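Below is one structure, written out as structure tokens, with a few remarks after it.
The values are calculated or read from the model by the stated rules, or taken from the named source; none is laboratory data. Everything numeric in this text was worked out from a predicted model, so none of it was measured. Cβ placement follows ideal geometry from the backbone for every residue including glycine, while neighbour counts extend to all protein chains displayed. Areas reflect the complete protein model, heavy atoms only, side chains present, ligands, DNA and RNA absent. Shrake-Rupley method; radii C 1.70, N 1.55, O 1.52, S 1.80 Å.
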Amino acid sequence: MTLAKLTLSSKNYSSWSLRGWLLCRLAGLQITERRVALDDPENRAELLLLSPSVLVPRLTHEGASVWDTLAIAEYLHELYPQAGLYPADRIARAHCRSVSGEIHSGFANLRSALPMNLKVRHDKFPVFPGAKPDIERIEAIWAECLGNYGGPWLFGQKPTVADAMFAPVAERFLTYAVSLSPASAAYCRTINSWNLMREWIDDARREPDEVEELDYEF
Ligand SMILES: N[C@@H](CCC(=O)N[C@@H](CS)C(=O)NCC(=O)O)C(=O)O
């Protein structure tokens, strides 16, 4: 497969970078990674030229520049339909697109209350009450998917776009020891032991320092 470049930021804090990276790896796309510090003005200026949103992840591949994780998912699915990024069944595929869209566009309270931080574990973290409806909705999505398709992934036997999109959420639940149903807790363990997730977490652990001002932005 052709080499592509994925621009991303911190592996410890950037949930969107994680999603984009998982999608590329699920598709079997060989990538070189370019990590940028988003608070560096030179990086921002360069990113602006390539990705008008100045956001990461951004994929460049054979003349195409794709930013936004769902656009990356659709681009990869179009290129590599055999990779099974979405379920083969039309109705399951519609469901997969819907829950992926829902996590992509919502859950602002959860994001700000429980920022992704793969290096730490908090046993008694006070969860902001405003995030509770988000947590309940996520558990309902997971229960429906795991019940309908039999697990251990959201759409059955193989990870799909939906698992890439929800992986940072599962990691947040583990980081902050959020109390969950047994089925949700088992799904978090599935994500955490995913070989791709282990590879990403190993890289995150090797990142040199904690970046305080990012703690509440991701
Ligand atoms: N909806 C976008 C969100 C991307 C996003 O918010 N990325 C963050 C990094 S996790 C970013 O680039 N922020 C720019 C900044 O912090 O300056 C996507 O799906 O890719």
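Points to keep in mind about this one:
- Restricting attention to the chain, close to 60% of DSSP beta bridges with both partner residues there are antiparallel.
- When the helices of the chain are scored as -39500 (n - 2.57) per DSSP H run of n ≥ 4 and the total is divided over every residue, the value at 222 nm lands at -16500 deg cm²/dmol.
- Label zone (R121, point 7 Å along Cα-to-C-beta; backbone nitrogen cut-off 19 Å) within the stretch 141-172: 168-172.
- Rotationally averaged projected area of the stretch 4-83 (alpha carbon convex hull; nm²): 4.9
- Cut-off under 5 Å, modelled amide H: who pairs with R34 long-range: L6, T7, L8
- Shown are T160, T32, T60, whose ranking by accessible area with a 1.4 Å probe and every protein chain present, most to least, is T32, T60, T160.
- Added length on full extension, which subtracts the Cα-Cα distance from 0.36 nm per residue, E78 to A177: 31.9 nm
- Loop trypsin sites (Lys or Arg not before Pro), the stretch 76-171, which have at most 12 other Cβ atoms in a 10 Å radius of their Cβ (DSSP): R121, K124
- The number of Lys pairs in the chain with C-alpha atoms less than 28 Å apart, excluding pairs fewer than 8 positions apart on the same chain, is 9.
- Relative contact order, percent, the chain [alpha-carbon distance under 8 Å, six or more residues apart]: 25
- Split the chain at each of the GluC sites (Glu not before Pro) in a DSSP loop with at most 14 other beta carbon atoms within 10 Å, and the longest piece is 63-209.
- Label-point gap, in nm, between R198 and S65 - each point 7 angstrom along Cα→Cβ: 3.7
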